[in-house]
Amino acid sequence: MTRSALPGLAIATGVLIAGLLLAFTVGRYPVSLGDLASVLLAKLGGGRADVAPAVESVILQVRGPRVLAAVLVGSALAVAGTAFQGLFRNPLVSPDILGASSGAALGAVIGIFFSLGIVAIQGFAFIGGLVAVGAVYAIGSAVRARDPILVLVLTGVVVGALLGAGVGLVKYLADPYNQLPAMTFWLLGSLSATGTADLLPLFGPVALGTVVLIALRWRMNAMSLPEEEARALGVATGPLRIVIVAAATLTTSASVATAGIIGWVGLVVPHLARSLVGPDFARLLPTAAILGGGYLLLIDTLARTMAEVEIPLGILTAVVGTPFFIWLLASMQRNWS
Amino acid sequence: MILSGHGLTIGYADHTVGRDLDVALSTGEVLALLGPNGGGKTTLLKTMLGLLTPKAGDVRLDGKPLGELSIRERARVVAYVPQVHVGTFAFSVETVVLMGRTAHGGLFSQPSARDRAVSHAALERFGIAHLAQRPYTMISGGERQLVLLARALAQEPQFVVLDEPTASLDFGNQGKVLAEIGALAKSGHGVLFTTHDPNHALRAADRAYLLRDGTRIAEGPVGSVLNRAQLETLYRAPVERLVDTATGAVAFLPG
């Protein structure tokens, strides 16, 4: 490993740290860096910080859970996107394009419709995401075409549209005074309602999926080769693909169940990370995890500070992601074989 | 060691490509697979690699069915050099060759110092160590073929199976790859490759296997099997035979 991954990793870490500092200090109730430091140090030391109680409460109760959730959701989506892009040998796929997000959304909406608890909603989201990705993959490989990648992306769009119709149906049936506003707001993607109680159900699946994917990081290089080549190198592609899809869908669905559909992060961040450290998954996955956390944190800070009312997160990520996708599509034409 | 196919019926779920094929390849020899397009060359190649399961018969390694080996054990004995392709991701040449070490490490392991040493030695052997940090997508077709050969060698296999290794190369690189195929056999590997050019078989192979419509037409030492009559039967096209008066070397021209 002569070309060092350190500079790229350092930049990603820098983005995360900048995101953390901004997210804690900027907002309707400004907090100074000094106050932030003393509150966090006091918390670590188990003592009391010498600041106004309101400041401490803003840092620990209001912004703290939201900051952690943004980091977790951003990492989860970035890691899942990186894994999907490698697995499907296509830098244009992402959890939202492959239907994982819309499948998870349908599962979660059904969970909300039946007024289930957060763990059950997580479970429904996971099953929905898994079924959607499985369906997209099965249909995509059953259709024999000259350009299988295009078929895969189109299948994802079609299955996503069907799942969107399913979400629409559940919304139509939902109680318009209680459930519907909650569903609508949640589907747009937001972290504003995230509290301490949401963190553990988010952290568990995201950590599990990410640990599995990072543990498999060297194998994922070979998995990004054509199937027969990977098998000839000694990779049991069938079982490994199931494990990777399940892990990536787990992190995606956990973030969807917590924060709604936040599109494009899983597409944009893997590319940024790849431009920092190259395509080797051994470096790419950790870098994408760190960068994804910082990226979503910055966007979430923007979402709650740029206007009088909070802007749904999914809208901002789409505003950034859509032009990025178009640029990517245009530049890919040159070297798509 | 001997890699052999016995009474193979080969093909895919919905159609059969070839029947009753017997193939044997020993370490230290080169076998060339020749025949027209659609005749079953690639299907036979993939069956011998264990990538396709034969519909009848079996592939054996020193008499032991290949199917009884795990996918990892198999990769440590037989390496595959696919047709040159441009990958999706711009991995460095070093990373591509290191992937050849996959079967030597555990599921969660990273490349070890020994893996790096073996990969580097493979790059050195083909004279492309200076490319190690270049993106695989940015080097020439001839260089890519050598990188894939280095990756196969990094697997430390007994057998190397190549799918049309000279197909997309310029004249100079064809010669280079053919020479490397010969060198692989000299270093004790058994080599099986497909080609569209009988001259390449003459140049690099000890034996030739002629396959048409999924049936073996002839098999034997290249000097005796590759003659005008056989080639005209194999390709159903006229062939001209040339002899270099100085060296006695033989070549064939189509048409």
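Only the coordinates and a few stated rules stand behind these numbers; no lab work does. Bear in mind that the values here come from a model prediction, so they are computed numbers and not experimental data. In this analysis, Cβ positions are derived from the backbone assuming ideal geometry, glycine residues included, and neighbour counts consider all displayed protein chains.
Here is how the numbers come out for the structure above:
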item	result
For segment A:123-215: rounded, prolate or oblate by the Cα gyration tensor [a/c cutoff 1.5]	oblate
Over segment A:271-337: Kirkwood hydrodynamic radius from C-alpha pairwise inverse distances, Å	13.8
Per-selection Kirkwood Rh - the protein assembly as shown (Cα, Å, 1 d.p.)	26.6
Burial order of peptide ranges A:247-257, A:81-91, B:68-78 (average beta-carbon count within 10 Å, highest first)	A:247-257, A:81-91, B:68-78
Compactness of segment A:1-96 - radius of gyration and Dmax, Cα, Å	17.9, 54
Segment B:93-155: Rg to Rh, with Rh as the Kirkwood radius over Cα pairs	0.96
Spread of Cα-to-Cα distances over 5 Å intervals beginning at zero, given as percent, for segment B:60-175	2, 12, 21, 23, 20, 12, 7, 3, 0
Segment B:162-213: equivalent-ellipsoid semi-axes (sqrt of 5 x gyration tensor eigenvalues, Cα, Å)	16, 15, 9
Cβ-defined net charge surrounding B:Thr215, 11 Å radius [Lys, Arg +1; Asp, Glu -1]	+1
Residue exposure sequence - B:His15, B:His85, B:His200 - by fewest surrounding Cβ within 10 Å	B:His15, B:His85, B:His200
Neighbouring partner chain Cβ atoms per residue of A:41-50, average, 10 Å criterion	0
Between segment B:185-255 and segment B:134-162, the Cα center-to-center distance that results, in Å	25
Whole-Å semi-axes of the ellipsoid equivalent to segment A:65-331 (Cα gyration tensor, √5λ, descending)	28, 21, 17
Excluding exposed DSSP-loop GluC sites (Glu not before Pro) (at most 15 other C-beta within 10 Å), longest clean stretch of chain A	A:1-307
Dipole magnitude of segment A:254-337 about its Cα centre (Cβ charges: Lys, Arg +1; Asp, Glu -1), debye to nearest 20	300
Per-residue mean of C-beta atoms belonging to partner chains within 10 Å, peptide B:62-71	1
Ascending count of other beta-carbon atoms within 10 Å, so fewest first, for B:Val96, A:Val62	A:Val62, B:Val96
Residue order, fewest to most beta carbons within 10 Å, for A:Phe126, A:Phe203	A:Phe203, A:Phe126
Reciprocal of mean inverse Cα separation for chain B (Kirkwood radius, Å)	18.9
